[in-house]
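A.B. asks: The following block contains the structure, expressed as structure tokens.
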Amino acid sequence: MRRVPLFSLCASITSAVLLVGCQSPVAPNQITAPRPPAQPAQPTLSFEISGPSRIDTNGPFSWVAFAFGGSGQYQYRWEVTRQGEQQPSVTTNERGLSLLVIDSDGDMVLRLTVTSGNQTRVESLAVRNCIGGCK
């Protein structure tokens with residue numbers, strides 16, 4: 001069995017204690033770069049429909065969608081359902097909708113679906129046909 005003087009043992013322990021928490025010359029201080037700010041979320045998609053909600057004369061009428069938010073690239077889908085119909089009679093994928101309306105068309109519901117990026121919004125506009133008079 002080898003004998004180690006007590007003084008040497010204390011020096012070794014002290015050295016070991018002093019090394020704890022010391023920086024390694026191999027891995028100098030590493031400064032972490034600040035994280036870039038989080039990307040803002042896409043603004044919520046919304047839209048408005050401009051056009052008549054009451055029609056009093058035979059003729060052509062138009063409605064236009066004004067979309068806001070989302071990713072800025074919009075896709076439109078109009079569906080027109082006339083009074084008494086179960087299925088839409090007119091569908092189009094344009095920003096605007098034009099219809100020739102006569103008194104026998106009755107009331108209509110315009111349903112517009114707008115999609116932008118991963119967001120979709122659906123709104124309906126009731127159009128009252130009062131060409132023959134409204135009660």
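A.B. asks: Restricting the range 104-127 to residues that are touching a residue at least 40 places away in the same chain (Cβ under 8 Å) and open to solvent by less than 20 Å² (accessible area, probe 1.4 Å), which is farthest from Asp56 (Cα to Cα)?
C.D. replies: By that ranking, first place goes to Ser116.
A.B. asks: So, in the range 78-103, of the ones that are buried (at least 16 other Cβ atoms within 10 Å of the Cβ) and assigned to a strand (DSSP E or B), which residue ends up farthest from the chain's Cα centre (by Cα)?
C.D. replies: So the residue we want is Val101.
A.B. asks: While we're here: Check Ala27 against each of (1) open to solvent by 40 Å² or more (accessible area, probe 1.4 Å); (2) hydrophobic (A, V, I, L, M, F, W, C); (3) modelled with pLDDT of 95 or more and name the one condition it does not meet.
C.D. replies: Against the list (1) open to solvent by 40 Å² or more (accessible area, probe 1.4 Å); (2) hydrophobic (A, V, I, L, M, F, W, C); (3) modelled with pLDDT of 95 or more, Ala27 comes up short only on (3).
One line per residue, one yes/no per condition, for (1) closer than 19 Å to Ser124 by Cβ; (2) open to solvent by 80 Å² or more (accessible area, probe 1.4 Å); (3) among the aromatic types (Phe, Trp, Tyr); (4) at pLDDT below 95:
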| residue | (1), (2), (3), (4) |
| --- | --- |
| Gln39 | no, yes, no, yes |
| Gln42 | no, yes, no, yes |
| Glu48 | yes, yes, no, no |
| Arg54 | yes, yes, no, no |
| Asn58 | no, yes, no, no |
| Ala65 | yes, no, no, no |
| Tyr76 | yes, no, yes, no |
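A.B. asks: Considering only residues that are out of contact with any strand residue (DSSP E or B) (no Cβ under 7 Å at 6 or more places or on another chain) and among the hydrophobic types (A, V, I, L, M, F, W, C), which ones fall in the range 87-135?
C.D. replies: Selection gives Ile102 alone.
The values are calculated or read from the model by the stated rules, or taken from the named source; none is laboratory data. No experiment lies behind these values; they were computed from the predicted model shown. Positions of Cβ are backbone-derived with ideal geometry, glycine not excepted, and every protein chain shown enters the neighbour counts. Remember, those area values only see protein heavy atoms, side chains included, never the ligands or the DNA or RNA. Shrake-Rupley method; radii C 1.70, N 1.55, O 1.52, S 1.80 Å.
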